[in-house]
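To start, the structure itself, in structure tokens.
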Amino acid sequence: MDSFKTDIDIKDGICTISINGNISLKNAIQLKELIIEQADQGHVNIILDFGPDVYLDSSGIGAIFNSQKYLTGKDGTLKLKNISKDILTILKIANLDKHLDIIK
């Protein structure tokens, strides 16, 4: 799957960004800018809801960490929801899972 699609839903003060497709070098910046745009509009509590076929490379991981830092600076939160077992395994191997708020 080469495409990258997002859908935004704001409910009860939480901005949920549903993601489908690849988060790679080509669009990691696009994801980070989308998160920053939502935060600048006052939606500082964000959930990234991963679709079943999301692929995440190192630039995608970097975009997530940079976005988390930005939100934390605005007293917000970034949570990852429905990440695949493969992505979770990669995060655990790199010892990064301890630095992210992963929810089911």
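Rule-based calculations on the coordinates, nothing more; no lab input. Keep in mind that this is a model prediction, so the values were computed, not measured.
Quick notes
- Close Lys pairs in the chain (alpha-carbon distance under 17 Å; sequence gap of 8 or more, or different chains): 20.
- Extension gain, residue 24 back to residue 85 (0.36 nm per residue minus Cα-Cα distance, nm): 20.2 nm
- Over the chain, all Cα pairs binned in 5 Å intervals from 0 give whole-percent P(r) values of 3, 13, 26, 28, 20, 9, 2, listed from short to long.
- For the chain, calculated [θ]222 nm from helices alone, where every DSSP H run of n ≥ 4 adds -39500 (n - 2.57): -11500 deg cm²/dmol
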